[in-house]
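Heads up: the structure comes next, in structure tokens.
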Amino acid sequence: MVNMTFLNTIDKPNWCPGCGDFGILIALKGAIVELNIEPENIVLVSGIGCSGKLPHWIRTYGLHGIHGRALPVASAVKLANNELTVFAVGGDGDGYGIGMCHFIHAMRRNIDMTYIVHNNMIYGLTTGQTSPTSEKGMRTKSTPSGVIEVPVNPMALAISSGATFVARSFAGDVKHLQKTIVDAVKHRGFSLIDVFQPCVSYNHVNTYDWYKHRVYDLSTVGHDIADKMKAFTKSQEWGDKIPIGVFYKVLQPTYEDELPQIKDKPLVKHPIDNVDIGGLMDDFV
Amino acid sequence: MIKNRLTWKIGGKAGEGIMATGMIFSQSCSRGGLHVYDINEYPSLIKGGHNTLQVRVEDREIFSQVRDVNLLIALNKDTILLHKDELVDGGGIIYDSSEVIDDNEIRKNIKLYPIPFNNIIKEIGAQAIMKNNVALGASIALIDYDFGIVGEVIRDNFKRKGDKIIDENTRSARAGYDFVRKNFKNDFDFRLEKIGKSGRMLLTGNDAICMGAIRAGCKFYSAYPMTPASSILHFMAAQERRFNIVVKHTEDEISAINMAIGAGFTGVRAMCGTSGGGFCLMTEGYGLAGMLEVPIVVILSMRPGPSTGMPTWSEQGDLKFALNASQGDFPRPVLVPGDIEENFYLTQEAFNIAEKYQTPVIVLSDKNLAESHKTTEKFDERKITIDRGSFAAPGDLAASSDTTFFKRYKYTENGISPRTIPGMKKGIYTGASDEHDEEGNIREDADIRVKMMQKRGRKMIALSKELKEPELTGPNSADITIISAGSTKGPIIEAMILLEKDDIKVNFLQIVYLNPFPSEKVAKVIESTKRTVVVENNFSGQLADIIKEKTGRDVDKRILKYDGRPFYPEEILASIKEVAHG
């Protein structure tokens, strides 16, 4: 049985006191314990940013890669060993900015993995510049006169790009987040959880209070998660009321399901000592 | 009459079946026990433009193309105008008799073989596109080769398209053959004759890279299409179910290398491949593999740069790029195969080096090597060893702490740390792109930084002790030593064969491992020879610069070619003579 103590590391998180990332780390550990997955069978892949350090503070296998590239790494981890439980974690800049191209393509592949985005609508580790999810007009170090673009809409993108589990949660509600992670891992296919994660140092607009007064859980209003068009409608909701919870869920064959190469056993368990290429050479005579 | 020494060249517009016809010719010669080397030229477009395939055939092993052409098959008039001067005295041109040829434009000693392609096609009720096969058959009759073998190859190549297509192709070739037998019998001085069954393969450098990778147990290949590496993707994708490999055409090259890293981290042998532009996108990931100490193999198949450059042509302009790609210092082994066999064995070896030294390894090829076919003996599988390097022993794992991460980056004498992969109990660690301690925890302490840089650096020292030193081809002492790396090997060997007739003693040092560079050996060779030249397909003489950097010695002459075309042996011969007599 895995427990919280086992998952703890000697190094302690060095996020700013009060950072929303703490809530995500606690919820993730709680979810792993609740799901009772052996830590050696879990791989957490991250990119760069405050969120990127998360794998260092939870005792599972981890790969802290480069900016924006967690999804290709995580996708291949799963393809190489589909018996593993694979997570990718990253921030809004990492996933929706520099990594946007991989984000769209990872979703349309529907590889069975869970992608948790720490969305604080700001660049934190680089000390406060605009992010792809910053609201129009927001003043930041790189946009002193206000952001001109409109923000990206991760929920709408995910629903239209082929993700089969699309959810949003809030780092200030660890219970909700933990349940969402558990559901995402149980789901066979690509799961996106966009997490509202207050940045206490650089985002003074979208604070804990700002979210608390706005978020409501879709499960409390009878939202039908199997209805793609309704999910899309809900993804457009923003302002005084902002939905969290599962927007959309559908069962589709995963990418791995379509690969006969790994039907019997994962790639990593195929012996390679004596691959017979005799027939292949004959093809060229 | 000259028997079994011939260069056959076909030219026409893209889409006319130039490459397919040329391949049938190459395969027919190979199956008759002859040796073949072919080389294609084509622009970056799908229909139109000007394509050629040039096939050299002899009864001894041949290593490259030559400039002289004996028989030109011109499917359009442009082909005649562009290539007539490559023909030797007594050479011939097969062309459509409806083309008006100005006799004054063609040398008197060139033989003209006008063939009424359209009439022939009409007579046998074939489609207009069969012109290439009529021309092929005509050429087979002119050189008096065995038509039966050609028919056999056509049958094998079109097997999947059905009997009707096989029949139409064969009848068209036969009609061209019969026409020449009737009208130009025994008119042409260059002939081919089969010398038995060869059992040799006819394959490209990219084919050999794929076979090497598959034999090495590569289980994951990721790439974005880019000439001249695309055919690796096609080959691997075609074989993925036969050999249980996952092949992924990714959204870009950034994804390709990061996927390879994910697969390598998880414990399968992983490879990605591209050309210069794609490798620009891969460089950040390349450094990540160096920092994480994840084994991956990167195939970098060169074409002329900068930028898009000349997409379908050849150059060796990325030597320094490969050696210096990505920020910071880390072990960057770079292997440079010089021919198709070396492509096979070195790709296989690259996987061993990658896993043993836990670092990314580049195999540096180019378009010339990637796409030219050569008859090659079947690879000797007894030469293959699979060395997966150092994995953590069960005892180490059992003894590891219950509260900390596994020491995946343990300081060791040779810099190689025991490796764990996901799924291994008590082997848990997080690999970091940040500088880290032995457990992978992010650390910025001065002493840890120094120790970790030295640990990674020691792997390169260990590797340099293991690698075979380059060997001299030819006499031990010579007037001129040629130094080169990569696909220039073929034309150099051919030039040396030509030089045997002259009174110039030449030997050849092929650099196979560009990094770690065999500095001592190269210095010794430069010391002990009268004159040293480098032969390179690039503008600045990058290998000569690297030699200078590594040995402190200048070479006497840089023989450079950077027009997108590989060297002809004749060009190297002329330059060597200049050096010898200069």
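Quick notes on this one:
- Set B:GLY338, B:GLY305, B:GLY309, B:GLY317: member being in contact (Cβ under 8 Å) with a residue 12 or more places away in the chain, farther than 29 Å from A:ALA76 by Cα and within 13 Å of the chain's Cα centre (by Cα): B:GLY338
- Count of segment A:202-234 residues which are over 19 Å from A:LEU177 (Cβ atoms) and in contact with a Phe, Trp or Tyr (Cβ under 9 Å, 6 or more places away or on another chain): 7
- From the options B:LYS451, B:LYS489, residue that is over 28 Å from the mean Cα position of the chain (by Cα) and not assigned by TED's automatic domain parsing to the domain that holds B:GLN316: B:LYS451
- Check on A:GLY49, more than 9 Å from every other protein chain (Cβ to nearest Cβ), under 16 Å from A:TYR115 (Cα atoms) and either in a loop (DSSP other than H, G, I, E, B) or free of Cβ contacts under 8 Å to residues at least 12 places away in the same chain (or both): yes
- Matching residues in segment B:279-306 - criterion: being under 20 Å from A:ALA106 (Cβ atoms), surrounded by fewer than 24 Cβ atoms within 10 Å (Cβ to Cβ) and more than 8 Å from every other protein chain (Cβ to nearest Cβ): B:LEU281
- Any chance B:ASN169 is closer than 30 Å to B:PRO114 by Cβ and either assigned to a helix (DSSP H, G or I) or in contact with a helix residue (DSSP H, G or I) (Cβ under 7 Å, 6 or more places away or on another chain) (or both): yes
- Residue within segment A:21-32 that is farther than 18 Å from A:TYR123 by Cα, within 10 Å of another protein chain (Cβ to nearest Cβ) and assigned to a helix (DSSP H, G or I) present: no
- Failed item, numbered, when B:ASN368 is tested on (1) within 14 Å of chain A (Cβ to nearest Cβ); (2) within 23 Å of the chain's Cα centre (by Cα); (3) assigned to a helix (DSSP H, G or I): (1)
- Subset of segment B:416-467 (residues that are closer than 30 Å to B:GLU520 by Cβ and assigned to a loop (DSSP other than H, G, I, E, B)): B:ILE416, B:SER417, B:LEU467
- Test: residue in segment A:176-188 that is assigned to a loop (DSSP other than H, G, I, E, B), farther than 20 Å from A:LYS234 by Cα and out of contact with any Lys or Arg (no Cβ under 7 Å at 6 or more places or on another chain): yes
- Residues in segment A:114-153 that are crowded, with 17+ Cβ neighbours inside 10 Å, assigned to a loop (DSSP other than H, G, I, E, B) and among the hydroxyl-bearing types (Ser, Thr, Tyr): A:THR130, A:SER131, A:THR133, A:SER134.
- Residues of segment B:451-468 satisfying the condition of being over 16 Å from B:ILE416 (Cα atoms) and exposed (fewer than 12 other Cβ atoms within 10 Å of the Cβ): B:LYS468
- Test for A:ARG108: is it touching a strand residue (DSSP E or B) at 6+ places or on another chain (Cβ under 6 Å) and touching a residue at least 24 places away in the same chain (Cβ under 8 Å): no
- Evaluating B:ASN352 against the criteria (1) of a type outside the set (A, V, I, L, M); (2) away from chain A (no Cβ under 12 Å); (3) under 30 Å from A:GLU40 (Cβ atoms); (4) in a helix (DSSP H, G or I) leaves one unmet condition, (2).
- Qualifying residue in segment A:246-253 (condition: within 14 Å of another protein chain (Cβ to nearest Cβ) and either free of Cβ contacts under 8 Å to residues at least 24 places away in the same chain or out of contact with any Pro (no Cβ under 9 Å at 6 or more places or on another chain) (or both)): no
- The set of residues in segment A:17-46 that are farther than 21 Å from A:GLY95 by Cα, in contact (Cβ under 8 Å) with a residue 24 or more places away in the chain and not β-branched (Val, Ile, Thr) comprises A:PRO17, A:GLY18, A:LYS29, A:GLY30, A:ALA31, A:GLU34, A:LEU35, A:ASN36, A:GLU38, A:PRO39, A:ASN41.
Conditions tested, residue by residue: (1) assigned by TED's automatic domain parsing to the domain that holds B:PRO311; (2) surrounded by fewer than 24 Cβ atoms within 10 Å (Cβ to Cβ); (3) touching a Pro at 6+ places or on another chain (Cβ under 6 Å); (4) among the aliphatic types (A, V, I, L, M).
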residue	(1), (2), (3), (4)
B:ALA208	yes, no, no, yes
B:ALA213	yes, no, no, yes
B:CYS218	yes, no, no, no
B:SER222	yes, no, no, no
B:THR227	yes, yes, yes, no
B:SER230	yes, yes, no, no
B:ALA237	yes, yes, no, yes
B:GLU240	yes, yes, no, no
B:PHE243	yes, yes, no, no
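- Residue in segment B:254-270 that is free of Cβ contacts under 8 Å to residues at least 60 places away in the same chain and more than 9 Å from every other protein chain (Cβ to nearest Cβ) present: no
- Enumeration of residues in segment B:561-581 that are outside any helix (DSSP H, G or I) and either of a type in the set (Asp, Glu) or under 17 Å from B:ASP503 (Cβ atoms) (or both): B:ASP563
- The requirement of being at the interface with chain A (Cβ under 7 Å from one of its Cβ atoms) and in a loop (DSSP other than H, G, I, E, B) is fulfilled nowhere in segment B:218-225; no residue meets it.
- Residue check, A:ILE98 in contact with a His (Cβ under 7 Å, 6 or more places away or on another chain), more than 18 Å from A:THR207 (Cβ to Cβ) and either modelled with pLDDT of 95 or more or more than 14 Å from chain B (Cβ to nearest Cβ) (or both): yes
- Lone unmet requirement of (1) assigned to a loop (DSSP other than H, G, I, E, B); (2) small (Gly, Ala, Ser); (3) modelled with pLDDT of 95 or more for B:ALA175: (1)
- Conditions (1) buried (at least 21 other Cβ atoms within 10 Å of the Cβ); (2) within 20 Å of B:ILE340 (Cβ to Cβ); (3) modelled with pLDDT under 95; number of the one not met by B:GLU471: (1)
- Residues of segment B:193-228 that turn out to be within 30 Å of B:PHE147 (Cβ to Cβ) and touching an Asp or Glu at 6+ places or on another chain (Cβ under 7 Å), as a count: 4
- Just one residue in the set B:GLU251, B:GLU193 is surrounded by fewer than 24 Cβ atoms within 10 Å (Cβ to Cβ), at pLDDT 95 or above and either assigned to a strand (DSSP E or B) or facing chain A (nearest Cβ under 7 Å) (or both); that residue is B:GLU251.
Residues are listed down the side, and each one gets a yes or a no for (1) crowded, with 18+ Cβ neighbours inside 10 Å; (2) over 20 Å from B:LEU369 (Cα atoms):
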position: B:GLY12; (1), (2): yes, yes
position: B:GLU16; (1), (2): yes, yes
position: B:LYS47; (1), (2): no, yes
position: B:GLU61; (1), (2): no, no
position: B:ASP78; (1), (2): no, yes
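The values are calculated or read from the model by the stated rules, or taken from the named source; none is laboratory data. Values in this document were obtained by computation on a predicted structure and should not be read as measured data. With ideal geometry, Cβ positions are generated from the backbone for all residues, glycine too; neighbour counts draw on all protein chains shown.
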